[in-house]
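Following: one structure in structure tokens, then a few remarks.
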Amino acid sequence: MRTSYQYRLQPTKEQAEKIDKTLDMLRYQYNYQLAQRFHWYEQNRSPIDRCSIFVCHLPELKDKPNYYSQKASLTQLKKDRPWYTTIHSQVLQEVPKKVEIAFDRWLKGDVNGKKSGKPRFKGAGQYKTFTYPQFKQHHFTNNRITLSKIGDIKVIVHRQIPDGFEIKTVSVTKKADGYYITLSLDAKRVPTVKPDFNANNIVGIDVGLIDFIVASDNTRIAAPKFLRKAERKLKAAQRRVSRRKKGSNRRKKAIKKLGIQHKKVSDTRKDFHFKTANDLLKKYDVVAVEKLNIKGLAKTRLAKSINDAGWGQFISILTVKAENAGLQVIAVNPNGTSQECSSCGQKVKKPLSQRIHNCPNCKVSLCRDLNAAVNIKNRGAHGLQARSMSS
């Protein structure tokens with residue numbers, strides 16, 4: 001079982017400078033190796049559908065840069081630029097891995113075949129994380145952590161690592177309000193189903209923009225709209241940045257304050273998601289949710305409100321917490337949950353503006369979102385039953 005804990009670092013001024021310098025050097029190397037990939041791509045592609053019948057000037061093919069060749073080049077890099085020896089070797093080796101992932105996702109796509117956009121070069125301050133892929137347990141004791149080539153740094157340990165978990169990797173991240181470490185933890189034990197797990201103790205939830213969730217038991221949680229509430233402060237902070245001269249220290253300070261405002265909104269939203277997920281899992285053993293295409297929905301005119309709600313992050317948190325607690329989250333097909341009558345199953349078409357479900361067949365009348373939540377619960381129960389029968 002894997003999980004991750006994040007703690008805040010309190011580096012000295014010298015240690016903070018080392019972290020900043022490391023991030024900057026890694027950014028240079030990332031951009032250089034990404035440029036190598038682009039150069040190979042431009043030199044070796046040929047528009048063969050437009051070749052002349054009589055003559056075709058095909059370029060001389062060159063070896064494609066890959067993770068292993070770019071990783072091997074780091075040895076020569078340290079000879080040519082000795083200051084790169086101040087970075088731990090495994091931290092530096094993570095750069096070609098990031099380049100490989102970004103480039104392959106652009107050309108080939110991920111494991112599901114979905115392609116990402118063309119990778120971009122990272123500007124100053126945009127490379128924010130580096131990782132130690134191997135870490136020894138004794139380097140993190142009490143409230144101190146030893147990071148190779150950086151030193152012994154104080155950590156604010158707001159919660160202890162659970163028994164049985166080992167630290168696998170350590171990532172250092174620079175955020176608007178300071179430095180953080182993320183510990184990737186692993187335990188050999190496999191998450192087991194809760195001993196008194198009750199498949200009938202199930203709830204369906206319908207996520208929305210007016211009510212964040214409407215549960216099938218008619219429990220409602222209003223959408224907090226953290227971004228909307230903070231818009232005035234964010235606009236003021238953004239205007240302050242715009243008024244400052246580019247490259248000046250005052251502009252850098254204004255940018256930092258703007259970043260802190262955005263982080264505050266993000267942290268508040270995440271805390272709300274954790275608390276909502278905890279409340280649901282305390283009451284129910286199974287939570288049924290819709291399998292929504294959130295990326296697609298975020299391209300509509302409701303994009304700001306959908307991103308503000310953070311449905312994807314909430315469902316991800318809910319799923320992980322359920323697995324760790326031995327409970328279940330089951331995703332169901334969202335098609336027709338609002339149109340189908342939860343009482344008799346008849347389809348009752350209605351526009352989005354119509355918030356009440358009135359069934360002409362069975363005469364039931366209830367809130368549109370509640371009707372959808374009950375349908376989600378029924379589909380979840382059916383899917384759970386089918387899954388148990390197949391296993």
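The values are calculated or read from the model by the stated rules, or taken from the named source; none is laboratory data. It should be emphasised that the depicted structure is a prediction, and the values quoted were computed from it without experimental measurement. Backbone-built Cβ (ideal geometry, glycine too); neighbour counts: all protein chains shown. For the accessible areas, the whole protein counts, side chains as well, though only heavy atoms, and no ligand, DNA or RNA atoms are used. Shrake-Rupley method; radii C 1.70, N 1.55, O 1.52, S 1.80 Å.
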For this session: Report the dimensions of segment 238-313 along its three principal axes from the alpha-carbon atoms, largest first, rounded to Å.
Result: 55, 29, 14
Exercise. Cross-link partners among aspartates and glutamates for Lys194, C-alpha distance below 15 Å, same-chain residues fewer than 8 apart left out?
Worked result: Asp285, Glu323
Exercise. Does segment 182-240 come out rounded, prolate or oblate, given a ≥ b ≥ c as the square roots of the eigenvalues of its C-alpha gyration tensor, rounded meaning a/c under 1.5 and, failing that, prolate meaning a/b above b/c?
Worked result: oblate
Exercise. Can you tell which of Gly296, Gly326, Gly312 shows the greatest fluctuation in a Gaussian network model of the chain with Cα springs below 10 Å?
Worked result: Gly296
Exercise. Projected onto the charge dipole of the chain (+1 at Lys/Arg Cβ, -1 at Asp/Glu Cβ, origin at the Cα centre), which of Phe140, Tyr32, Leu107 gives the Cα projection farthest towards the positive end?
Worked result: Tyr32
Seminar exercise, completed: To the nearest Å², the heavy-atom accessible area per residue of the chain with 1.4 Å probe amounts to 61
Seminar exercise, completed: So, for the Cα atoms of the chain, Rg and Dmax in Å stand at 26.0, 80
For this session: Enumerate the aspartates and glutamates that Lys175 could reach by cross-link, defined here as Cα to Cα under 13 Å, with residues fewer than 8 away along the same chain left out.
Result: Asp20, Asp267
Seminar exercise, completed: Among Leu183, Leu366, Leu234, the residue with the largest mean-square fluctuation in a Gaussian network model of the chain built from Cα contacts under 10 Å is Leu366
Exercise. Between the helical axis of 226-243 and the dominant principal axis of the chain, each derived from Cα atoms, what acute angle in degrees is found, rounded to the nearest 10?
Worked result: 30
Seminar exercise, completed: With the charge dipole of the chain built from beta-carbon charges (+1 for Lys and Arg, -1 for Asp and Glu) about the Cα centre, the Cα from Ser248, Ser216, Val287 projecting farthest to the positive end belongs to Ser248
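Run lengths n ≥ 4 of DSSP H only: what is the helix-derived mean residue ellipticity at 222 nm for the chain, with -39500 (n - 2.57) per run over all residues, to the nearest 500? Mind showing how you got there, number by number?
Working: 9 runs with 166 residues, N = 391.
One gets -14500 deg cm²/dmol as the mean residue ellipticity at 222 nm.
Sort out the exposed loop chymotrypsin sites (Phe, Trp or Tyr not before Pro) in the chain (DSSP loop, at most 14 other Cβ within 10 Å) and tell me the longest stretch that has none.
Values: sites that count: Phe54, Phe121, Phe197.
Within the chain, the longest run free of exposed chymotrypsin sites (Phe, Trp or Tyr not before Pro) spans 198-391.
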Seminar exercise, completed: With all protein chains present, segment 145-277 has a carbon and sulfur share of its accessible area (1.4 Å probe) in percent of 51
Problem set entry | Relative contact order for the chain, counting Cα pairs under 8 Å that sit 6 or more residues apart, in percent | 16
Problem set entry | Anisotropy class of segment 61-106 from Cα gyration tensor, a/c 1.5 cut | oblate
Exercise. If you line up the long axis of helix 13-44 against the longest principal axis of the chain, both from Cα atoms, how many degrees apart are they, to the nearest 10?
Worked result: 90
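So which of Lys270/Lys295; Lys114/Lys304; Lys115/Lys264 end up more than 28 Å apart, counting from Cα to Cα?
Working: Lys270/Lys295 19 Å; Lys114/Lys304 24 Å; Lys115/Lys264 31 Å.
From Lys270/Lys295; Lys114/Lys304; Lys115/Lys264, over 28 Å: Lys115/Lys264.
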Exercise. If you line up the long axis of helix 249-283 against the longest principal axis of the chain, both from Cα atoms, how many degrees apart are they, to the nearest 10?
Worked result: 40
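For segment 251-355, what number results from the quotient of the Cα radius of gyration and 2.2 N^0.38 Å?
Values: Rg = 17.8 Å, N = 105, 2.2 N^0.38 = 12.9 Å.
With N residues counted in segment 251-355, Rg over 2.2 N^0.38 Å equals 1.38.
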Problem set entry | Shape box of segment 87-194 [Cα atoms, principal axes, largest first, Å] | 44, 42, 27
Problem set entry | Prolate/oblate/rounded label for segment 149-225 (Cα gyration tensor, a/c 1.5) | oblate
For this session: At a Cα cut-off below 16 Å, give the lysines reachable from Lys149, other chains included and same-chain residues fewer than 8 away excluded.
Result: Lys13, Lys18, Lys21, Lys78, Lys136
